[in-house]
Every structure is written in structure tokens, then in C-alpha cells.
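Taking it in order: structure first as C-alpha cells, then the write-up.
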Amino acid sequence: MSGRYQYQLSDYKEIEQLGDNQGVFLVRNRYNNKLYIEKKLDIYSLDVYKYLQDNHVKNTPVIYEMAEEKGKLFVIEEYVTGTLLKEYIKRYGSLPADEAIDITKKLCSIIKELHECDPPIIHRDIKPENIILKKDGTVVLLDMNAAKFFDENSTKDTYLLGTYGYAAPEQYGFGKSGISSDIYGIGKVLNEMLTGDINTAPSGSIKIIIDKCTEMDPKNRYQSVDELMKDLNRKDILSAVDYDKLPGFRTDKLWQKLLASMGYVSFMLLFLAAHFEGVTNMYETWFYRFTYYITFMMAFLFCRNYRNIWDMVGISRVENRLVKITVIFMMIIGILFIGLTTASTLGLIIREGISQ
């Protein structure tokens, strides 16, 4: 190496290699005695690094010096102290929902600023190893090595970059990476924070958000960080309720489970013993018992948001409480009306068939 950058680089003394990456070192400036990070990159976007050096994005490392020589980029950037999110998850196994969502919101704020650059910058390598948690609660996003400007006219990425498990499918040659590619990575990180494992799905309302972040088709994901933030700010999202379980079994309290079991059995016996006016045939009687039981059970499960049905039909996004209650009530009435009308119609058909 020669020239001006050789002189500048001599101002920094290598202390140690960081992690398994042979191109990343902790260095100390000989004159001010401060610590910095030195990177030697083979694959990079020089335009992105130049932009970020001139337009620092909050809560990303400050880029102090850089130079490109012989197909490599040499970068001196801020040394950020704190705990890597990967190590934090490893230490605690999984994080409480409120803490995981708080970290995700702070991460979203960083990504939002990157996406609002002109043109947008796509990070493309969002993972726990690239996220630092500082003691004051600040979240810092590292590693712009895979970052690129979004190109509306490209059909797919030139370089297939990203980390397996966190990178969106389009980053493996199935299309071009864009804003929703970073949202995919955010969803994977949130999943890992909640479960301690990227491949284990969480329960409760948050699962709906993670599933939407990590859809295979980019068109089915959140199309902006603002959309994702809106759902993360929902009041019910911190609920630890596992809506995949039947009402009454969403708790660790044994007495509540026993009470729920008694309730379900009593509910079923009520319909098994039911008699209907004008119905004397055994087959018709059992048909009505079965269809009425199913109809009222469906209405009950809808009322209790079984399997997050409110999310599927958009009720959870209704912010006005009175409007939400009204919509739920009308939906329950609709379920009962359709179920009972169908039962009555089919019952008549069965009666006519038997009489013939």
C-alpha cells in the first residue's frame, strides 16, 4: 500500500482480531490513544460507504477514514462498546416479549433511516451478530459490508450476500433485494429473541407479525418499516396469551384448566341432551344437536379470538374500542345466523328424505 492512506494507516496499531473475521481488527490510534475498528473488505459498495461517511445514520458506527486500493476497501470506523445481541440471547436463552419488542422497535428506527436515504440503502445482513446493546439501552446496527443502494431497474442482486437463516430468499438469487428484504431479517431476529432459536416459532399475537415479516414472497411482507412499527405498537401485542390454545388452557394455573374442562364437557352434554320442537326422528335430532353444537362453539371461539382469528379478519387493527366490540358482536351474530339457518335448511332436507 502506498500514498496518503499508507501514512494514515500507520497512525493505527492493531491490537487484536475480532471474532472469526480475518478482516476486522481492533486498533488504537497512536496519537489520541483511542480505540477504533479497522476493516479490510473484499466485497463492498464504495458508494454506500462514501454516502454513510458524509451522511451518518444515527446508531450506526461513525466512519472516520477509508480508502480503496487494489480491489480492497480499508475502513476505520467507530469502536462501539456493549454486548452483541447474539451473546445476550445465548446468555438468557430468550428475552421477555416487552424487551424483545423494544429492541426491535429501536432496530426498526435505524433501518427506517437507511431506507429513507436517496436512493434507499438496503442493509441485507440483519442478524444478532450485527446488533450491539449498549448499557444505556441504545441499540447499534453494525456491518454495512453487504449494504447496497436499492436499484429499481435491476432484476436480481449482483452478489449473493447475507447470512443463511436471516437473509431473505431473494438474496439467494431468486430476485432483487429491497426494503422487504431487511424486514425479513428483522422478523428473524425478533423470532430468535423471543424463543432463543431462529427455527422455533413463538406463540401469541406476535407470531402473526413475525410470519408476515418472513413471508417467502416479498409482496406478502410488510412493505415498509412504518407498517411493521404500527403493528409492533399495538396495545395487545405484548400479550403473552397463546391464542393457538383453547380458551381456559392459555394459563399455567391448574384450577383454571380444570374449570375450563368442566365447562367444555357441560357445554357438550347440554347439546347432546337437547330436544327440538317438532323433531321426532333420531337421525334428524342428532343432526340438529351436532350442527347447533358446532355453530355455538364456533361463535364462542371467535369471541375468544381462537388461533388469532381477529388478526386474520382485520379486527385487531381497529383502534376504537367501541367500534371493535361492535364489529365482534356483529360477526358473532353472523356466525350464529349462518350456522342456524344452514342447520334448519339441511334439517328440512333430511326430514323430507326420511319421510319419502
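Structure notes:
- Using alpha carbons only, the radius of gyration of segment 19-147 set against its Kirkwood radius gives Rg/Rh = 0.97.
- In terms of overall dimensions, the C-alpha atoms belonging to the chain reach 102, 48, 35 Å along their principal axes, ordered largest to smallest.
- Computed over the chain: relative contact order in percent, which uses C-alpha pairs under 8 Å that are six or more apart: 10
- Volume of the Cα convex hull of segment 73-120, divided per residue and given in Å³: 122
- Rounded to the nearest 20, the size of the Cβ-charge dipole of segment 254-355 about its Cα centre is 420 debye, with Lys and Arg at +1 and Asp and Glu at -1.
- Estimated 222 nm signal from helices in the chain, with DSSP H stretches of n ≥ 4 weighted -39500 (n - 2.57), rounded to 500: -14000 deg cm²/dmol
- Neighbour-count order for Val62, Val75, Val27, fewest beta carbons within 10 angstrom listed first: Val62, Val27, Val75
- Centre separation in Å (Cα based) which lies between segment 80-132 and segment 262-339: 42
- Zone of Asp11's modelled label, taken as backbone nitrogen in segment 72-86 under 18 Å from a point 7 Å along Cα→Cβ: 74-80
- Footprinting exposure proxy for Trp286, Trp255, Trp310 (fewest neighbouring C-beta atoms within 10 Å first): Trp255, Trp286, Trp310
- Cα-based convex hull volume of segment 83-238 per residue, rounded to whole Å³: 103
- Within straight-line reach of Lys257, meaning a Cα separation under 27 Å, sit the following lysines at least 8 residues removed in sequence or on another chain: Lys207, Lys235, Lys245.
- This ranking places Ile349, Ile103 by how few other beta-carbon atoms lie within 10 Å of each, fewest first, which gives Ile349, Ile103.
- Proportion of all alpha-carbon pairs of segment 254-355 beyond 16 Å (%): 66
- Segment 175-279: GluC sites (Glu not before Pro) in DSSP coil with no more than 13 other Cβ atoms inside 10 Å: Glu277
- Two-site FRET efficiency, Arg304 against Asp47, from Cβ-Cβ distance with R₀ of 56 Å, rounded to 0.05: 0.55
- Here the chain is treated with +1 on each Lys and Arg Cβ and -1 on each Asp and Glu Cβ, and its dipole about the Cα centre works out to around 840 debye.
- Take the Cα radius of gyration of segment 4-78 and divide it by 2.2 N^0.38 Å, N being the number of residues; the result is 1.06.
A short reminder: the numbers here are calculations on the coordinates, not readings from a lab. In this text the structure is predicted, and so the values were computed from the model without any measurement. Reconstructed Cβ throughout: ideal geometry from the backbone, glycine too, with neighbour counts over all protein chains shown.
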